[in-house]
Amino acid sequence: MRVYVPLTLPGLAEAYKTGELGHGPFTAYAVTPALREWYLSDDIEELEYAALNRAALASLRLVALDAGAPRRRVVVAVDVPDGAAAADPGAGPDPASLGEVRVGGPVALARAAAVHVDADEAEADVAAAADALGAADRGDDDAQFTVDGAEDHELLWFATQEIPNLVGLDD
């Protein structure tokens, strides 16, 4: 099963140093029954893209919580064994938890298929979106427009071998 793990660049650096994603049960995003129902598509690539975007929003929330983190969203696509990640069956189509799964424990970073990261030019929009999250969550339409502005930036695809360059740990 492919899951999308939201991180920050410091979180990615830590995963690279330890060789693991997560320290215990952690939240990731995947193609879940609720996401399929909400997205109304049978195209697996479209559904995986939707799960990736849900993880990117979760990464934005992590960036907002870490004042020292570079203002770039990070998502690691990782393959876990079937059953290692599970959606909450009671969550239903709640927009706040679409695609959300719990991964039971740490996952070897070696299982990662790719890393998705914002380009440098997205930093200003991601910073503004991180600052606007609280107001957007309270229903402020202007703040939501700012948050949506970060989503206008496509995350770039990187091979896992490029992680040291992404986090400034060139070997």
Could you derive backbone 3J(HN,Hα) for the range 101-108 from the dihedral phi with the Karplus parameters 6.51, -1.76 and 1.60 (θ = phi - 60°), listing whole Hz in sequence and x where the residue is Gly or Pro? 9, 9, 9, x, x, x, 10, 4
Only helices counted: for the chain, with every DSSP H run of 4 or more residues adding -39500 (n - 2.57) and the sum spread over all residues, [θ] at 222 nm is -12500 deg cm²/dmol
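Could you work out how much longer the chain between H23 and A110 gets when fully extended? Use 0.36 nm per residue separation minus the Cα distance between them, nm to one decimal.
Values: separation 87, 0.36 × 87 = 31.32 nm, distance 1.53 nm.
Additional length available on full extension: 29.8 nm.
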To the nearest Å², the heavy-atom accessible area per residue of the range 1-127 with 1.4 Å probe amounts to 47 Å²
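Which shape class, rounded, prolate or oblate, goes with the range 81-170 when its Cα gyration tensor gives a ≥ b ≥ c as root eigenvalues, a/c under 1.5 marks rounded, and past that a/b bigger than b/c marks prolate?
Values: a/c = 2.82, a/b = 1.11, b/c = 2.54.
In terms of gyration-tensor shape, oblate.
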Full extension from E45 to A96: what is 0.36 nm times the residue separation minus their Cα-Cα distance, to one decimal in nm? 16.2 nm
Length gained if D148 through D120 is fully extended, taking 0.36 nm per residue and subtracting the Cα-Cα distance, is 8.3 nm
Burial-style ranking of 72-80, 24-32, 41-49, 123-131, average other-beta-carbon count within 10 Å with highest first, yields 72-80, 24-32, 123-131, 41-49
If I build a Gaussian network model for the chain, linking alpha-carbon pairs within less than 10 angstrom, which residue out of G99, G11, G149 has the largest mean-square fluctuation? G149
Global geometry of the chain, whether rounded, prolate or oblate, following the gyration tensor of its Cα atoms and the 1.5 cut on a/c: oblate
Just the number, please: carbon plus sulfur as a percent of the accessible area of the range 1-110, 1.4 Å probe, no ligands or DNA/RNA counted. 55 percent
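If you take every residue apart from A135 with its C-beta less than 14 Å away from the C-beta of A135, what net charge results, scoring Lys and Arg +1 and Asp and Glu -1? Before the final figure, lay out the partial values.
On the way: positive: R61, R138; negative: D131, D137, D140, D141, D142, D148.
With Lys, Arg at +1 and Asp, Glu at -1, the neighbours total -4.
The values are calculated or read from the model by the stated rules, or taken from the named source; none is laboratory data. Keep in mind the model is a prediction, meaning the values are calculated, not measured. Here the Cβ is made from the backbone with ideal geometry for all residues, glycine too, and neighbour counts use every protein chain on show. In case anyone asks, the SASA skips ligands and DNA or RNA and just uses the protein heavy atoms, side chains included. Shrake-Rupley method; radii C 1.70, N 1.55, O 1.52, S 1.80 Å.
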